[in-house]
1. Enumerate the strands (runs of 3 or more DSSP E) found wholly within the stretch B:1-65, keeping only those where 1 or more residues are surrounded by fewer than 23 Cβ atoms within 10 Å (Cβ to Cβ).
2. Helices (runs of 4 or more DSSP H) wholly in the stretch A:198-286 with at least 2 residues that are within 14 Å of another protein chain (Cβ to nearest Cβ) - which ones?
3. Please return the ranges of helices (runs of 4 or more DSSP H) entirely within the stretch B:346-432 where 2 or more residues are of a type outside the set (A, V, I, L, M, F, W, C), surrounded by 23 or more Cβ atoms within 10 Å (Cβ to Cβ) and within 11 Å of chain A (Cβ to nearest Cβ).
4. Somewhere in the stretch A:49-60, is a residue modelled with pLDDT of 85 or more, of a type in the set (Gly, Ala, Ser) and either touching a strand residue (DSSP E or B) at 6+ places or on another chain (Cβ under 7 Å) or assigned to a helix (DSSP H, G or I) (or both)?
5. Of all residues in the stretch B:8-47, count the ones that are closer than 12 Å to B:Ile196 by Cα and either among the basic types (Lys, Arg) or within 14 Å of chain A (Cβ to nearest Cβ) (or both).
6. Suppose we filter the stretch B:69-85 for residues that are assigned to a loop (DSSP other than H, G, I, E, B), surrounded by fewer than 18 Cβ atoms within 10 Å (Cβ to Cβ) and in contact (Cβ under 8 Å) with a residue 12 or more places away in the chain; how many remain?
7. Give me the residue from the stretch B:453-465 that is surrounded by fewer than 24 Cβ atoms within 10 Å (Cβ to Cβ) and under 28 Å from B:Val172 (Cα atoms) and, out of that set, nearest to the chain's Cα centre (by Cα).
8. Criterion first (assigned to a helix (DSSP H, G or I) and either free of Cβ contacts under 8 Å to residues at least 12 places away in the same chain or under 28 Å from A:Leu276 (Cα atoms) (or both)) does A:Leu92 satisfy it?
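The values are calculated or read from the model by the stated rules, or taken from the named source; none is laboratory data. Note that the structure is a prediction, hence the values are computed from the model and not measured. Heads up, the Cβs are rebuilt from the backbone with ideal geometry, glycines too, and the neighbour counts pull from every protein chain shown.
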Amino acid sequence: METVEQKPESRFVSIAKNIWQNYSVVVVFVIILVVCGIAAPRFLRPENLLNILRNTSIVGVIALGMTFVIIAGGIDLSSGPVLATAGAVLILLQRMVTAEGEPAMPLWIPILICCAIAVGFGFINGIITTKAKLPPFIVTLAVGIIARSITIYFCRGATIIGNRIPEFTRIGNGSLFMIPIPFLIAIALLIILHITLTRSKFGTYVYAVGGNEEAARYSGIKVDRVKILTYMLVGLCTGIAALIEMSRMAAVAAVTSGAMYEFEAITAVIVGGTSLSGGKGRLIGTVVGFIILGVVNNMMIMLNVSPYLSGAVKGAVILFAVLIQRRER
Amino acid sequence: MAKLLSMQGICKSFFGVEVLHDVNFEVEKGEIMALCGENGAGKSTLMKVLAGVYLQDGGDIYLKGEQLAAHADPLERQHLGISMIYQELNLFGELSVAQNIFLCREPRRKGGLIDYNRMYDDSAVLLKKLGENIDPRRKLGELKIAQKQMVEIAKAISFNVELLIMDEPTSVLTGKETAILFDLIRNLSAQGIAVIYISHRLNEFTEVCQKVTVLRDGYYIDTKNVPDVTVQDIATLMVGRTITESRVADFSGDPDAVMLEVKNVTDDKLRDLSFNVRKGEILGFSGLVGAGRTELMEVVFGIRKPETGEVFIEGQPVTVKSAIDAIKCDLGFVTEDRKESGLVLCRDITENTNYIFWQKSKGLFKNKKTTAENTRRMIDRLNIRCQGPDQHVSNLSGGNQQKVALAKWLLADAKILILDEPTRGVDVGARQEIYHIIKELAAAGIAIVIVSSDLQEVLTICERVIVMHEGRITGSLISSEMTEEKIMYYATNV
């Protein structure tokens, strides 16, 4: 049996080591901010920074839920298409008007249905992965393809314009005390989910299932239920993201709404230091992760980089962020 | 003339623990040599040194009088004529029979492409030599286990083998298949190929082997000619001449206070097993590896589904279909492999000790204060040496990991505790501590079932032992009757 020798080390070294081990993503983030500030001074203007937060919040909300799924050892590739499906239903219901031109139903009904549909897709993902014992990569990929196709069919491949009532468009475009409402939603969700992950029993079981499924099962943890709940949670987050996205444009594009969002969300989670093999990770890392992605997107525009090259830069940033966090096992 | 094989003064340590002490071992050309010993006697290690899987720390190996280069290279040893057939066959199910036989040495055409026709022809010739009619084009995964073994032997022969090592080849075979294998072994021997044969079935030795070498605790004990020894003699050599007796008083609690009763458990590995354990009793399960002890405990804990069988707790019939049910019945199970199924290594001590406690307590949220108190109490009670409750379990030593795995069940107030190999990979000091804890728990009225392959351990703490052999209970002894020899006698079922 190997035992780990504990060498005495100075207090300062151990504190510095602790910060580096637990918050290296924050260090990466600060490096990126400094580099951006020097390269383009306009970047640091408050309105630019707030704009970044607004733009990045939609993927960010999905990434929060995705963190749970990935910590539990799963993955969800259906988020983007599910966002489009739930969003399309939201727009279709929201644009219905009475003969007098008033909305046919109060706004909360379409919002609720939108979220319920997204949660429903999460439930389907969870049930199939756990009960049929199929890899989540394949299940969610297939479910995503189905969701996208259904959306395109019902929208006949077109873009559908919603009802531009202010109470609806304000959700995605408004601000409260200068701070963009989408970002406030993300922060509120972060607080709730952070408490869930760190203080609730469910949160602990999520780590246990991702860390060692077998040991979790022997400890009586209802492994399948925990997994299904994580998929439903990312579904709920996707529903909320759909609401923000639809509200920003007051329209849904059957083919392009939410396209690639699942990958951006997964990227944010990984850049945030959560391990794809499960059992490790934290939400604060994910928040820094999606803000880093937002900053990188923003800098491309600031520095007039050809949009065709944005993927190359993003890929390099991901590799850099993950490399710097890599530790010897 | 020089012996075919001569191993002189072989020493080997793992992680500072010496598992082979100065072992000598010799085999003549064409000889069938049995190698036997208890679990952990060093048989497999010695053979893996010979096959080039491990490099010895000291000692020399001579083949036909020539010293072998001291580096671990199985392929080189195979080319020298030494092949080993492992218990878990090293074959690829998705490749064809011929591809398996010629893996990494495929015959080539000019230009480098594989000459499949030659490969199939050569394979067919090799298999025919063994009296087998397997189509070399078939996928290996479709074959029966006995046929797979033949493919392994064919592979060994294709290296012009002079010395064939077989590690428990019959453990997966039926009686008829075993007879065929024995014929084959005799046949190989007649062709001048020496066979080293490892098995737990002592009566097989007298049937097929000419000589038998016994190892015990990593020491070479003796080599005997088979006609001169009985199976009992071999068993005695395996456990040693000194008779170690139990150091535990007989169970003195209420003999009628049965906590757990298991009746007629049967499945493909278990044959109609029944046992009970009483309040405050420490019951041991002894036997050789593969006797079905762990499988039986998995049935009790609801992880494994038997074909038939009933479980009673305090006289009441219960259905245990999952770990969740078992926990509801106040059953606890510290598994054999703590890394695989006992602990979540990447999480801290607090979480690992409280998983079951949290499930038994009410509410959606963890109570920070209770949780911290629980952990602190367990660290003190079990003397878990750590930097603090938030230390990751992966950084603890084996003994302390085992204590954490145990703490989880103590917090859950388990009334029946199953401990599978509770001191495997645990150092001597921590081992005594764990024994002490187990005795304390029993004194507090917990019924304890210990599965152990370590005879010393059984003699040290168990008040009663049930011995199993190949899925059957072959004996039951109370502590005043227990000796290593008796347990070994039942375990080998001679």
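1. On the way: elements: B:5-14, B:17-27, B:32-36, B:58-63.
Counting at least 1 such residues, we get B:5-14, B:17-27, B:58-63.
2. A:201-211, A:213-218, A:223-249
3. Working: elements: B:349-360, B:368-381, B:398-411.
Per the criteria, B:349-360, B:398-411.
4. yes
5. First pass over the stretch B:8-47, keeping only residues closer than 12 Å to B:Ile196 by Cα: B:25-36, B:43-44, B:46-47.
Next, only the ones that are either among the basic types (Lys, Arg) or within 14 Å of chain A (Cβ to nearest Cβ) (or both) stay: B:29, B:43.
Total meeting the criteria: 2.
6. 4
7. For the stretch B:453-465, the residue satisfying everything is B:Ser453.
8. Considered against the rule, which asks whether it is assigned to a helix (DSSP H, G or I) and either free of Cβ contacts under 8 Å to residues at least 12 places away in the same chain or under 28 Å from A:Leu276 (Cα atoms) (or both), A:Leu92 comes out as no.
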